[in-house]
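Take a look at the structure set out below.
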Amino acid sequence: MKTKHLFWIVPLAIIVILFFSLFSFNNSAVRKLEAVKTSLSNVESSYQRRADVITGLVNTVKGAANFEKEVLTEVVEARAKAGQTNFNLNDLSANSINQFADAQQALSGALSRLLVTVERYPELKATQNFLEFQSQLEGTENRINVERNRYNQAVNTYNTHIKVFPNAIYADWLGFSEEFQRFQSSEGSQDAPEISFD
């Protein structure tokens, strides 16, 4: 009689354990995925703040007599392109992350050239408006770096969660098998020119 009960209890126990294990994995994966999306939204928000600061900076620089219009045009065009490249939080493919990062890097490059050019205009560098935008820009760049690091940490947590055993099996079953790409430094960014406002 005991053997008969054991025959049903063992498989039933295995099914119950598997169900709760899947349930736990799914809930944890959803929370980690939402953390990735929130972090990415914060990155995008920080970049939007930078775009807003750049608009004010460009308008301040425009007022300077004889300022190189080519440089301003490049910044305005790069800002417009970066503004058109947004995330769809339901499609966080490596391609969309790369497109966003490339557009932001192009804007960073144009902004660097603008700031290097400003060095030739000491009267512009000394204006209160320029100094305020410079300070806001520096703070925003720091914010961007912090938010990108937080995003990378959230991605690392999620990617690790879906790759460890037995989660990797559950991830395939429940549709969590796609890893997310981290933000990385752009090629050559370690050689970026130093910009001094002094």
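Using helices alone, what [θ] at 222 nm do you get for the chain, with -39,500 (n - 2.57) per DSSP H run of 4 or more residues, divided over all residues and rounded to the nearest 500? Could the numbers behind the result be given before it?
Working: 6 runs with 150 residues, N = 198.
Rounded to the nearest 500, it is -27000 deg cm²/dmol.
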For Thr73 paired with Asp52, estimate the spin-label separation in nm (one decimal), with each label point 7 Å from Cα along the Cα-to-Cβ line. 3.0
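Past the 25 Å Cα-Cα mark, which pairs from Lys37/Lys81; Lys32/Lys81; Lys81/Lys125? Don't jump to the answer; show the numbers that get you there.
On the way: Lys37/Lys81 22 Å; Lys32/Lys81 31 Å; Lys81/Lys125 27 Å.
Those over the limit are Lys32/Lys81; Lys81/Lys125.
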Environment charge at Glu178 (Cβ cut-off 11 Å; Lys +1, Arg +1, Asp -1, Glu -1): -3
Principal-axis tilt of helix 69-84 within the chain, Cα atoms, nearest 10 degrees: 20
Which three semi-axes in whole Å describe the equivalent ellipsoid of the range 43-145, each the square root of 5 times a Cα gyration tensor eigenvalue, listed largest first? 27, 14, 10
The range 40-48 - phi-based ³J(HN,Hα) in whole Hz, Karplus 6.51/-1.76/1.60, Gly and Pro as x: 5, 4, 5, 4, 4, 5, 5, 5, 5
Using only the C-alpha atoms of the chain, find the volume of their convex hull and express it per residue in Å³. 118
For Asn95 paired with Leu22, estimate the spin-label separation in nm (one decimal), with each label point 7 Å from Cα along the Cα-to-Cβ line. 3.2
Would you mind computing, in nm to one decimal, how far apart the modelled labels at Asn156 and Ile169 are, each placed 7 Å from Cα along Cα→Cβ? 2.9
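No lab work stands behind these numbers, since they all come straight from the coordinates. For clarity, every value in this text was computed on a predicted model and none was experimentally measured. As a convention, Cβ positions derive from the backbone with ideal geometry for all residues, glycine included, and neighbour counts pool all protein chains shown.
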